[in-house]
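Enquirer: The structure's right below; bear with me while I get my questions together.
The values are calculated or read from the model by the stated rules, or taken from the named source; none is laboratory data. On a predicted model such as this, the values are computed, not experimentally measured, just so you know. Glycine also receives a Cβ, built like all others from the backbone with ideal geometry; neighbour counts cover every protein chain displayed.
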Amino acid sequence: MWFYLALAVLLYFVIRSYRERQQVDNLREKYVFITGCDSGFGNQLARQLDAQGLRVLAACLTQTGAQQLERLTSNRLKTTLLDVTSTESIEAATVWVKECVGNKGLWGLVNNAGLVYPFGPNEWLTKEDYMKVLNVNLIGLIDVTLHMLPLVKKARGRVVNMSSIMGRLSTMGGGYSISKYGVEAFSDSLRREMHSIGVKIAIIEPGYFRTSMTDTQKNLDVLEQQWMKVPEQIKESYGQAYFDAFYKGVKDNLATRCCKDLYLVTDCIEHALISQYPRTRYSAGWDSRWIFIPLSYLPTFITDFVLTRSWPKPAQAL
Ligand SMILES: NC(=O)c1ccc[n+]([C@@H]2O[C@H](COP(=O)([O-])OP(=O)(O)OC[C@H]3O[C@@H](n4cnc5c(N)ncnc54)[C@H](OP(=O)(O)O)[C@@H]3O)[C@@H](O)[C@H]2O)c1
């Protein structure tokens, strides 16, 4: 009985691997629009797809980012400026994409742009702090998708949304995890709606990677500024010792945890774009695959214990 079970599992993986290696045709004729290409995954993905011969339409937040990317890529790759928090900027980018793709439509939309700051224990934050992150990671992503969707439908193409393991497990306060849970929800409903139309939606869930978002010094500076803004009464309830321990926890985590192999993520996005049979969810990075995603399936009291056992205790803790 165990033999047949093992054989069935093996067969499943062999068939899955064979199916997933089937690529779509005419890659050189396919247009892919990527947001947030100034740095990190977006920048690497733009270069990677350009090298594969796809027609990359790279959106950068800054002129400098766009110029740097152009210098590193072929003249097939085109850039534009896009701030995903501005509907006017998204409208202008949509007109530009429409002109670039002509009758072909847009094969791939990669919603990659993102922001993590400010973060910290929820009580240290204001409504504006949450809005800042949600406007980029969630509302911006939805706005870009709604504008570009008619072009993607025309090509019967793909939408690839950048979530995170923080979209499966909420491990810190602030807008980031909330925004990524929202990305998961939006992607799930869109996938079900688009199924009959032939548009496929994929969600990418990376663990910790070394990009400007996880730059240790930048995160610590933001955290210090955040602590300075916390009202005195709340500060007292946490105490300076809590802040110091929290600060050290962030520092140690970011200094030791981040994987430098960004291709583990960009390869997942590439697969979602060019495989005949893309996955619905991609967990990218060993921490995502072997720690955080499995942890998200455990009973809540176990997950809570594992996640919080090393957290510092506020001054007013029981
Ligand atoms: N690094 C990780 O560990 C990790 C893990 C899971 C998920 N992710 C997700 O991966 C995505 C890419 O992040 P990354 O790690 O590559 O960090 P990153 O290097 O900071 O890239 C984020 C990009 O988004 C751009 N951006 C920020 N605000 C924007 C706006 N309003 N409009 C348009 N673009 C904007 C940034 O531009 P500037 O550089 O000019 O600010 C930057 O190019 C994000 O969605 C992030 O949540 C990252």
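Enquirer: Out of Asp287, Asp304, Asp252, Asp267, report the one residue that is among the acidic types (Asp, Glu), more than 19 Å from the chain's Cα centre (by Cα) and within 29 Å of Phe186 (Cα to Cα).
Expert: Values: Asp287 fails: more than 19 Å from the chain's Cα centre (by Cα); Asp252 fails: within 29 Å of Phe186 (Cα to Cα); Asp267 fails: more than 19 Å from the chain's Cα centre (by Cα).
Answer to the check: Asp304.
Enquirer: Let me ask another. Can you name the residue in the stretch 106-118 that is within 16 Å of the ligand (Cβ to nearest atom) and part of a loop (DSSP other than H, G, I, E, B) and is also farthest from Gly40 (Cα to Cα) among such residues?
Expert: So the residue we want is Pro118.
Enquirer: If only one of Asp267, Asp261 is assigned to a loop (DSSP other than H, G, I, E, B) and surrounded by fewer than 18 Cβ atoms within 10 Å (Cβ to Cβ), which one is it?
Expert: Numbers: Asp267 fails: assigned to a loop (DSSP other than H, G, I, E, B).
Going through Asp267, Asp261 in turn, the sole match is Asp261.
Enquirer: Got a number for residues in the stretch 86-130 being closer than 20 Å to Lys218 by Cβ and surrounded by fewer than 17 Cβ atoms within 10 Å (Cβ to Cβ)? Let's see the steps before the verdict.
Expert: So the first thing to find is which residues in the stretch 86-130 are closer than 20 Å to Lys218 by Cβ, and the list is 112-121, 124-125, 128-130.
After this cut, where a residue has to be surrounded by fewer than 17 Cβ atoms within 10 Å (Cβ to Cβ) as well, the list is 128.
Looking only at that region, the number is 1.
Enquirer: May I pose another question? So the check is Cβ under 8 Å with 6+ separation or different chains; which pairs have a first residue in the stretch 11-29 that's modelled with pLDDT of 90 or more and a second one that's surrounded by 10 or more Cβ atoms within 10 Å (Cβ to Cβ) and hydrophobic (A, V, I, L, M, F, W, C)?
Expert: Gln23/Ile274; Val24/Ile274; Leu27/Leu54; Leu27/Ile274; Arg28/Leu54
Enquirer: Only one of Phe305, Phe301, Phe292 is buried (at least 18 other Cβ atoms within 10 Å of the Cβ), hydrophobic (A, V, I, L, M, F, W, C) and in a helix (DSSP H, G or I). Can you tell me which? Steps first, please.
Expert: On the way: Phe305 fails: buried (at least 18 other Cβ atoms within 10 Å of the Cβ); Phe301 fails: buried (at least 18 other Cβ atoms within 10 Å of the Cβ).
Within the list Phe305, Phe301, Phe292, the selection yields Phe292.
Enquirer: Listed residues Glu88, Glu99, Glu70; which is closer than 26 Å to Gly198 by Cα and of a type in the set (D, E, K, R)? Walk me through it before giving the result.
Expert: Values: Glu88 fails: closer than 26 Å to Gly198 by Cα; Glu70 fails: closer than 26 Å to Gly198 by Cα.
From the options Glu88, Glu99, Glu70, the qualifying one is Glu99.
Enquirer: Check off (1) crowded, with 20+ Cβ neighbours inside 10 Å; (2) within 16 Å of the ligand (Cβ to nearest atom) for Lys30 and give me the number that stays unchecked.
Expert: Unmet condition: (2).
Enquirer: Given Lys200, Lys229, Lys248, which one is more than 13 Å from the ligand (Cβ to nearest atom) and in contact with a Lys or Arg (Cβ under 6 Å, 6 or more places away or on another chain)? Give the steps one after another, and end with the answer.
Expert: Values: Lys229 fails: in contact with a Lys or Arg (Cβ under 6 Å, 6 or more places away or on another chain); Lys248 fails: in contact with a Lys or Arg (Cβ under 6 Å, 6 or more places away or on another chain).
Criteria check complete, one pass: Lys200.
Enquirer: Helices (runs of 4 or more DSSP H) wholly in the stretch 119-225 with at least 1 residues that are within 23 Å of Asp267 (Cβ to Cβ) - which ones?
Expert: Details: elements: 127-134, 141-155, 175-194.
Hits in the stretch 119-225: 141-155, 175-194.
Enquirer: Only one residue in Gly239, Gly249 is under 17 Å from Met172 (Cβ atoms) and either of a type outside the set (D, E, K, R) or touching an Asp or Glu at 6+ places or on another chain (Cβ under 6 Å) (or both), so which one is that? It would help to see each step written out before you state the result.
Expert: On the way: Gly239 fails: under 17 Å from Met172 (Cβ atoms).
None of the others qualify; the one that does is Gly249.
Enquirer: On the given criteria, is Ser237 more than 16 Å from the ligand (Cβ to nearest atom) and in a helix (DSSP H, G or I)? Show your work before the answer.
Expert: Details: more than 16 Å from the ligand (Cβ to nearest atom): yes; in a helix (DSSP H, G or I): yes.
Taking the combined requirement at face value, the residue satisfies it.
Enquirer: Sticking with this structure for a sec: Within the stretch 35-84, which residues are near the ligand (Cβ under 10 Å from one of its atoms), touching a residue at least 40 places away in the same chain (Cβ under 8 Å) and buried (at least 23 other Cβ atoms within 10 Å of the Cβ)?
Expert: Thr35, Gly36, Cys37, Phe41, Gly42, Leu45, Ala59, Leu82, Val84
Enquirer: Is one or more of the residues making up the stretch 133-140 in contact (Cβ under 8 Å) with a residue 24 or more places away in the chain and either more than 16 Å from the ligand (Cβ to nearest atom) or over 29 Å from Thr308 (Cα atoms) (or both)?
Expert: If we filter the stretch 133-140 for residues that are in contact (Cβ under 8 Å) with a residue 24 or more places away in the chain, which is where we start, we get 133-140.
Those still in the list that are either more than 16 Å from the ligand (Cβ to nearest atom) or over 29 Å from Thr308 (Cα atoms) (or both) too: 139-140.
Yes, the stretch 133-140 contains a residue that is in contact (Cβ under 8 Å) with a residue 24 or more places away in the chain and either more than 16 Å from the ligand (Cβ to nearest atom) or over 29 Å from Thr308 (Cα atoms) (or both).
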